[in-house]
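Enquirer: Supplied in structure tokens, the structure appears directly below.
Only the coordinates and a few stated rules stand behind these numbers; no lab work does. Remember, it's a predicted structure, so these values are computed and weren't measured experimentally. Quick reminder, even Gly has a Cβ in these numbers, built from the backbone with ideal geometry, and neighbours come from all protein chains shown.
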């Protein structure tokens, strides 16, 4: 029987125009925790790096054997619908 408290190492490779391979990873107890970590990373990157009008950031999660097990992405798009008087 598998121990519920077993921690597994997951690697979070970031794709945001560049590819950043995670060589350290994190030990997490469940896929739910992996999903939370992916959401945290995506929102941090969006806040810090997607200051432009458009952008896509994605994360590939690998298991402890290096096999991809999940891909998540966030797409950001922003445009002004009016032209402020100072720009005319």
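Enquirer: Please identify which residues in region 38-81 have an amide N closer than 14 Å to a label point set 7 Å out from the Cα of residue 13, following the Cα→Cβ vector.
Expert: 58-72
Enquirer: Then there is this: Return the distance in nm (one decimal) between the two label points of a simple spin-label model at residue 79 and residue 44, each offset 7 Å from Cα along Cα→Cβ.
Expert: 3.2 nm
Enquirer: Helix 31-49 versus the longest principal axis of the chain: what is the Cα-based angle in degrees, 0 to 90, to the nearest 10?
Expert: So the helix axis and the longest Cα principal axis differ by about 30 degrees.
Enquirer: Remind me, relative contact order of the chain in percent, using alpha carbon pairs under 8 angstrom and six or more residues apart?
Expert: 29 percent
Enquirer: Give the label of the value calculated from the structure for semi-axes √(5λ) of the Cα gyration tensor in Å, choosing from [x] 20, 16, 12; [y] 36, 13, 9; [z] 23, 13, 10.
Expert: So the calculated entry is the one marked [y].
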